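Participant: Right, I'll just put the structure down here and ask away after.
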Amino acid sequence: MQKLAIEGGFPLRGEIRISGAKNAALPILCAALLSRDALVVENVPHLKDVTTMIGLLAQMGVGITLESPSRVELSGTTITSPVAPYELVKTMRASILVLGPLLARMGEASVSLPGGCAIGLRPVDLHIKGLQAMGAQIRVENGYIHAKASRLTGARIFMDLVSVTGTENLMMAATLAKGVTVIENAAREPEVVDLAECLASMGARISGAGTDTITIEGVDELHGARHRIMPDRIESGTFLVAAAASRGNIRLNGARADILDAVLDKLIESGAHIEVDMDSISLEMKGRPKSVNVRTAPYPAFPTDMQAQFMVLDSIGEGSARITETIFENRFMHAQELCRMGANIEVEGNTAMVRGQAHLGAATVMATDLRASASLVIAGLVAQGETTIERIYHIDRGYECIEEKLAQLGAKIRRID
Ligand code: UD1
């Protein structure tokens, strides 16, 4: 199994390019299932999750052409098998995103239940309830969701909880339904907007994406299109925190500041100097960061996918901070590993009290999930000595060329086989 070795103590300096967003790419690749014509997707990040999704779509009969490393053409002319098997779904929960489009286009779908997940239970009841409201017959049997509908019908759907992939699944299904669908309490995440823009360029009639009420007027069919994936706001945020923690000075090219308000505000509160441009964000941190309280919530509030990284910043911050996780019930596994590096963190329920320390020390630590592994990399960058991070396959799910990009910024980092 591969590991990362990081020698800490070098401030990040220089510039890198931000990749396409994983959480936009995954639903947008699934949108190819909605049309017989080809969908060309640009700025696709090279990530394990993207490869898994492409493999899943190929297995269903979608023709895949890699036009260039980051440009994929997907042709959904013939879907031979509307099935997402357990072997693939268990490695990537976002596989559930094929359910809505398959059902809408093919009239049937069988998708394995994702099951438990390291960061919490993460059920898919909202996806199922929404599709049932649109007239789908759904059975859950032998660990699979079996869905059927000769044609989905538009419906008014109220989501009990804000769910990102739930909103995306229902929005995709509604594009081919008969009549109008209104999704209330919809997720407002920028990735939902990116998907809506892609669907609109395929001929879908969608309004309200980016607000909590999305209206979709179903059409008989969608056509081919070309779409460029938005930049990854979580990758951007992760590099900004890494630069702040290491007291560095970096510039992220191809990044969007307008979708990172909550994160940038917290970085400024911690003492960072930030400058934004049309498509770049620069950060400079001169002294020791100040501790900042963080409370995760759906967009536009502070993202749960940035919580672990801020826990490292607070671990070396001046003062104490409270981190509250309101989205996932078990997303503090990185706290224990950070404590092994000298952090002072007390977890009680969904709150972590972090007392800032002057230094962290290197240790061998284990990555437990995607964003937790990013936090351990940041901790390694600032700790004294050489940190080894095990189980880094988690990080390859969501960060493109992380060690190349960090090395470009002056980090002493290497991958060990
Ligand atoms: C997406 C993101 C993930 C991010 C998360 C929250 C993708 C591919 N992944 O995950 O990176 O951390 O949003 O911003 O975009 N829930 C239910 N029933 C459901 C669906 C969700 O109870 O049917 C609950 C979940 O357990 C969780 C909360 O709703 O507590 C939010 O989850 P959700 O927004 O659905 O997360 P994902 O879409 O899986």
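Participant: When residues of region 293-309 are filtered for being of a type outside the set (V, I, T) and closer than 22 Å to T167 by Cα, how many remain?
Facilitator: Of the residues in region 293-309, 9 are of a type outside the set (V, I, T) and closer than 22 Å to T167 by Cα.
Participant: Same structure, new question: If you scan region 12-47, which residues turn out to be basic (K, R) and within 13 Å of the ligand (Cβ to nearest atom)?
Facilitator: Answer for region 12-47, where residues must be basic (K, R) and within 13 Å of the ligand (Cβ to nearest atom): just K22.
Participant: OK, next. Would you pick out the residues in region 48-69 that are at pLDDT 95 or above and within 18 Å of M230 (Cβ to Cβ)?
Facilitator: Across region 48-69, the qualifying residues are V50, M53.
Participant: Another question about this same structure. Residues that are charged (D, E, K, R) and away from the ligand (no atom under 16 Å from the Cβ): which strands (runs of 3 or more DSSP E) entirely in region 183-268 hold 3 or more of them?
Facilitator: Here the list is empty.
The rows are residues; the columns are (1) farther than 20 Å from T326 by Cβ; (2) small (G, A, S); (3) touching a Ser or Thr at 6+ places or on another chain (Cβ under 8 Å); (4) modelled with pLDDT under 95.
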site	(1), (2), (3), (4)
C117	no, no, no, yes
L121	no, no, no, yes
A155	yes, yes, yes, no
V162	no, no, no, no
T167	no, no, no, no
A187	no, yes, yes, no
G208	yes, yes, yes, no
I216	yes, no, yes, no
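Participant: For region 304-330, which residues satisfy the criterion of being open to solvent by 20 Å² or more (accessible area, probe 1.4 Å) and assigned to a loop (DSSP other than H, G, I, E, B)?
Facilitator: G319, T326, I327, F328, E329, N330
Participant: Let me ask you something else. In region 126-171, which residues are within 11 Å of the ligand (Cβ to nearest atom) and either aromatic (F, W, Y) or open to solvent by 10 Å² or more (accessible area, probe 1.4 Å) (or both)?
Facilitator: Within region 126-171, L126, I128, K129, D160, L161, V162, S163, V164, T165 meet the criteria.
Participant: I would also like to ask the following. Across region 13-53, what is the total count of residues that are closer than 16 Å to I96 by Cβ, free of Cβ contacts under 8 Å to residues at least 60 places away in the same chain and open to solvent by 10 Å² or more (accessible area, probe 1.4 Å)?
Facilitator: Residues in region 13-53 being closer than 16 Å to I96 by Cβ, free of Cβ contacts under 8 Å to residues at least 60 places away in the same chain and open to solvent by 10 Å² or more (accessible area, probe 1.4 Å): 1 in total.
Participant: Do you know which residues across region 290-349 are in contact with a Phe, Trp or Tyr (Cβ under 7 Å, 6 or more places away or on another chain) and of a type outside the set (A, V, I, L, M)?
Facilitator: Within region 290-349, R295, T296, T304, E325 meet the criteria.
Participant: Hey, among the residues in region 172-182 that are of a type outside the set (K, R) and either open to solvent by 10 Å² or more (accessible area, probe 1.4 Å) or within 16 Å of the ligand (Cβ to nearest atom) (or both), which one's farthest from the chain's Cα centre (by Cα)?
Facilitator: Per the stated criteria, the residue is G179.
Participant: Out of (1) at pLDDT below 95; (2) among the aliphatic types (A, V, I, L, M); (3) under 27 Å from Q384 (Cβ atoms), what's the single condition that is false for M278?
Facilitator: That leaves (3) as the condition not met.
Participant: Continuing with the same structure: Test each condition in (1) open to solvent by less than 30 Å² (accessible area, probe 1.4 Å); (2) at negative phi; (3) of a type outside the set (A, V, I, L, M) for G254 and report the one that comes out false.
Facilitator: (2)
Participant: Would you point out which residue out of R71, R105 is under 24 Å from the mean Cα position of the chain (by Cα), among the basic types (K, R) and away from the ligand (no atom under 16 Å from the Cβ)?
Facilitator: After applying the criteria, what remains is R71.
Participant: Quick one: in region 336-365, of everything that is among the polar types (S, T, N, Q) and not in a loop (DSSP other than H, G, I, E, B), which residue is most open to solvent (accessible area, probe 1.4 Å)?
Facilitator: Result: Q336.
Participant: To continue, here is another question. Among the residues of region 119-172 satisfying the criterion of being hydroxyl-bearing (S, T, Y) and assigned to a strand (DSSP E or B), which is farthest from V83 (Cα to Cα)?
Facilitator: That would be T153.
Participant: Separate question: So which of L376, L370 is at pLDDT below 95 and closer than 15 Å to K3 by Cα?
Facilitator: The match here is L370.
Participant: Given the conditions (1) open to solvent by 10 Å² or more (accessible area, probe 1.4 Å); (2) in contact with a strand residue (DSSP E or B) (Cβ under 9 Å, 6 or more places away or on another chain), report the number of the one that T91 does not fulfil.
Facilitator: (2)
Participant: Let me ask you something else. Every residue in region 257-279 that is of a type outside the set (A, V, I, L, M) and open to solvent by 10 Å² or more (accessible area, probe 1.4 Å), please.
Facilitator: Selection gives D258, D261, D265, K266, E269, G271, H273, E275, D277, D279.
Participant: Ok, one more. Is region 369-386 home to any residue that is of a type outside the set (D, E, K, R), within 26 Å of the chain's Cα centre (by Cα), part of a strand (DSSP E or B) and crowded, with 16+ Cβ neighbours inside 10 Å?
Facilitator: No: region 369-386 contains no residue that is of a type outside the set (D, E, K, R), within 26 Å of the chain's Cα centre (by Cα), part of a strand (DSSP E or B) and crowded, with 16+ Cβ neighbours inside 10 Å.
The values are calculated or read from the model by the stated rules, or taken from the named source; none is laboratory data. Keep in mind that this is a model prediction, so the values were computed, not measured. With ideal geometry, Cβ positions are generated from the backbone for all residues, glycine too; neighbour counts draw on all protein chains shown. Quick note on the areas: whole protein, heavy atoms, side chains included, nothing else; ligands and nucleic acids left out. Shrake-Rupley method; radii C 1.70, N 1.55, O 1.52, S 1.80 Å.
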